[in-house]
Amino acid sequence: MTDQRRNDLLVILLDALERFYTYVSSYDPQGRAIFQETSRWFADTDASDPRSFEYVCGRLGLEPGRIRESLVKRRAEITGEVLRVKCNKR
């Protein structure tokens, strides 16, 4: 991968992170809409689109699941929300 392509992918990821943190606690409708759109981008598991979170992480050698976990934790810390933990039944 060229340095320019790597930089382009980093810009996509950093832009999404900036939008996530800027609007995570927004109360106005436009800010909430931006946050919801950004959250959907992080949650999407389709790696076929070169602008998708999974694709960007894959090309940058990042683990999307770990980033998602971190975002969920930070959102809870910022907003005071209680984390919902999924438990696997045996």
In the range 36-54, how many are assigned to a loop (DSSP other than H, G, I, E, B) and among the β-branched types (Val, Ile, Thr)?
-> 1
Residues of the range 1-35 being among the aliphatic types (A, V, I, L, M) and part of a helix (DSSP H, G or I), in sequence order, are LEU9, LEU10, VAL11, ILE12, LEU13, LEU14, ALA16, LEU17, ALA33, ILE34
Per the filter on the range 65-80, residues among the charged types (D, E, K, R) and either at positive phi or surrounded by 13 or more Cβ atoms within 10 Å (Cβ to Cβ) (or both) are ARG68, ARG74, ARG75
One residue from LEU17, LEU10 being over 12 Å from the mean Cα position of the chain (by Cα) and within 30 Å of GLU81 (Cα to Cα) = LEU10
Within the range 48-64, restricting attention to residues that are surrounded by 10 or more Cβ atoms within 10 Å (Cβ to Cβ) and among the small types (Gly, Ala, Ser), which residue is farthest from ALA16 (Cα to Cα)?
-> GLY58
With the checklist (1) over 23 Å from ASN7 (Cα atoms); (2) at pLDDT below 95; (3) not polar (S, T, N, Q) in hand, flag the one item ILE34 doesn't pass.
-> (2)
Scan of the range 1-47 for residues that are among the aliphatic types (A, V, I, L, M) and either in contact (Cβ under 8 Å) with a residue 24 or more places away in the chain or surrounded by 13 or more Cβ atoms within 10 Å (Cβ to Cβ) (or both), ordered by number = MET1, LEU9, LEU10, ILE12, LEU13, ALA16, LEU17, VAL24, ILE34, ALA43, ALA47
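The values are calculated or read from the model by the stated rules, or taken from the named source; none is laboratory data. Computed from a predicted structure; not experimentally measured. FYI the Cβ positions are ideal-geometry reconstructions off the backbone, even for glycines, and counts take in every protein chain you see.
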